[in-house]
Amino acid sequence: MKEISYRVSKAPKSAIRELFDLATGRSDVISLGIGQPDFKTPELAIQGNINALKKNITMYAPTKGVPELLELIEKKLRNFNKINLNWRENIIVTNGGSQALTLAFASIFNPGDELIISSPNFVSYFYCSLFFGVKVKEVKRNKDFSPDIERIKNSITDKTKAIIINSPNNPTGAALNPKQLKEIVEIIIDNDLYLISDEVYENYLYDELKHTSPASLNGMFERTITVNAMSKLFSATGFRLGYAVASKKIIDLMEKFHQYTVAGTNHAAQYGFIEALKIDPKFFHEILESFDNRRIFVYNRLKEIGFDVIKPLGAFYIMPSTEKFKISGESFSKDIMKKQAVAIVPGSIFGSFSENMIRISYATEMEKLEEAMNRIEKFVNSL
Ligand SMILES: Cc1ncc(COP(=O)(O)O)c(C=O)c1O
């Protein structure tokens, strides 16, 4: 038989999904593996979806999304992100943030182009690159997980097409400060590059930090593809809705790719998203406070146990080093699952520089976090 796709064959099955599969059906396992908030999707969003189905909204949706939804996303982007845009030209509704990323890759890259990624970083960036024939230039983050600006500059070649950023970040919990963002923006402008800005965790920022969307900065709208989703803000990962924001030229290409590959997104679910966007954003304050308490608790416990760990500034992940305990992230993850029934993701899946790290998601209720930390302590003491 002839060879099947070598690009897709090269990608391993999602290690996070495998972990998720191992944990399901086992009542003793505490999962710190999944990037999914634990609060309920707002009832209004669910009703919006149900009502649309009851009205027989079951046919294809407009390719770029339902106009009312696009208008509400525009309003949110103007008010919250300070991005000046027009919903008719600059937004496309996608199947989650994941497909917004796919569209970003489809619309700007040609095979052989180079993309700069600060590592560790979100897994999909590596595999989207592989699928689209994009060469990844991985740049090791600084010790505190901030981007290494000098190394980024040094990794630019005449083939570099774009830099991807994700702030707040999965898996490190890092968030760019204004100075770091400014330095990245300068690199983009000075080298005539595109910036893919994955902002799915924009609301999960602690210590009074504020999110800045690079597309709102001078000279950046035409160069930036902003990726966002309903998933994390509304705890609605299963709705599979997100959006990409870009110049008309890029959105027009995305529309074509979208039309011929997925023919749109779930029509009725978009009415759920519409209702979610009408909710007063203050609904999130209490949720953020709860995530902040978990962040502080997990960080303090990990320090107490003896981990070298950076305090996260955003998202709901923390990435301690396992080096001190002379064990790789992969062995740690496998062994703790076997011995203490805690699901933790090994750092190695997030790039080349996190072999001796693990990623913990603290999007889990406090009681479970407390028990998980006790189990981690027992495990570490047994090493
Ligand atoms: C950084 C980052 N970007 C994008 C996504 C994809 O989001 P969605 O579930 O909306 O496809 C995730 C999901 O975990 C993520 O962590």
Open item on the list: Restricting to segment 241-270, name every residue that is over 23 Å from the mean Cα position of the chain (by Cα) and hydroxyl-bearing (Ser, Thr, Tyr).
Closed with: Tyr260
- [ ] Consider Glu114 carefully, then state whether it is more than 18 Å from the chain's Cα centre (by Cα), open to solvent by 30 Å² or more (accessible area, probe 1.4 Å) and of a type outside the set (Ser, Thr, Tyr).
- [x] no
Open item on the list: For segment 35-60, which positions are within 16 Å of the ligand (Cβ to nearest atom), open to solvent by 60 Å² or more (accessible area, probe 1.4 Å) and of a type in the set (S, T, N, Q)?
Closed with: Gln36
TODO: Among the residues of segment 84-112, write down those that are among the β-branched types (Val, Ile, Thr) and over 17 Å from Gly65 (Cβ atoms).
DONE: Ile108
Task: Pick from segment 213-233, criterion touching a residue at least 60 places away in the same chain (Cβ under 8 Å), open to solvent by 10 Å² or more (accessible area, probe 1.4 Å) and more than 8 Å from the ligand (Cβ to nearest atom), ranking: nearest to Pro37 (Cα to Cα) - done: Ser216
Open item on the list: Could you check segment 183-199 and list, in sequence order, the residues that are of a type outside the set (Asp, Glu) and open to solvent by 20 Å² or more (accessible area, probe 1.4 Å)?
Closed with: Ile189, Asn191, Tyr194
TODO: Filter segment 314-338 for residues that are hydroxyl-bearing (Ser, Thr, Tyr), over 18 Å from Tyr362 (Cβ atoms) and modelled with pLDDT of 95 or more and give the result.
DONE: Ser328
Task: Count - residues of segment 5-24 that are in contact with a helix residue (DSSP H, G or I) (Cβ under 9 Å, 6 or more places away or on another chain), open to solvent by less than 80 Å² (accessible area, probe 1.4 Å) and under 21 Å from Val342 (Cβ atoms) - done: 5
- [ ] Hey, can you tell me all the residues within segment 167-205 that are in contact (Cβ under 8 Å) with a residue 60 or more places away in the chain and either assigned to a helix (DSSP H, G or I) or within 16 Å of Phe145 (Cα to Cα) (or both)?
- [x] Ser167, Pro168, Asn169, Asn170, Pro171, Thr172, Gly173, Ala174, Ala175, Leu205
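Here's the yes/no breakdown for (1) at pLDDT 95 or above; (2) farther than 27 Å from Asn121 by Cβ; (3) assigned to a loop (DSSP other than H, G, I, E, B):
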site: Asp28; (1), (2), (3): no, yes, yes
site: Gly33; (1), (2), (3): no, no, yes
site: Ala52; (1), (2), (3): yes, yes, no
site: Met59; (1), (2), (3): yes, yes, yes
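Working carefully through the options Lys161, Lys210, find the one that is more than 14 Å from the ligand (Cβ to nearest atom) and within 20 Å of Ser119 (Cα to Cα).
Residue meeting the stated conditions: Lys161.
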Open item on the list: Residues that are over 30 Å from Lys137 (Cβ atoms) and touching a residue at least 12 places away in the same chain (Cβ under 8 Å): does segment 100-120 have at least one?
Closed with: no
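The values are calculated or read from the model by the stated rules, or taken from the named source; none is laboratory data. Everything numeric in this text was worked out from a predicted model, so none of it was measured. We place every Cβ from the backbone using ideal geometry, glycine too, and count neighbours over all the protein chains shown. Note: accessible area is taken over every heavy atom of the protein model, side chains too, but ligands, DNA and RNA are not part of it. Shrake-Rupley method; radii C 1.70, N 1.55, O 1.52, S 1.80 Å.
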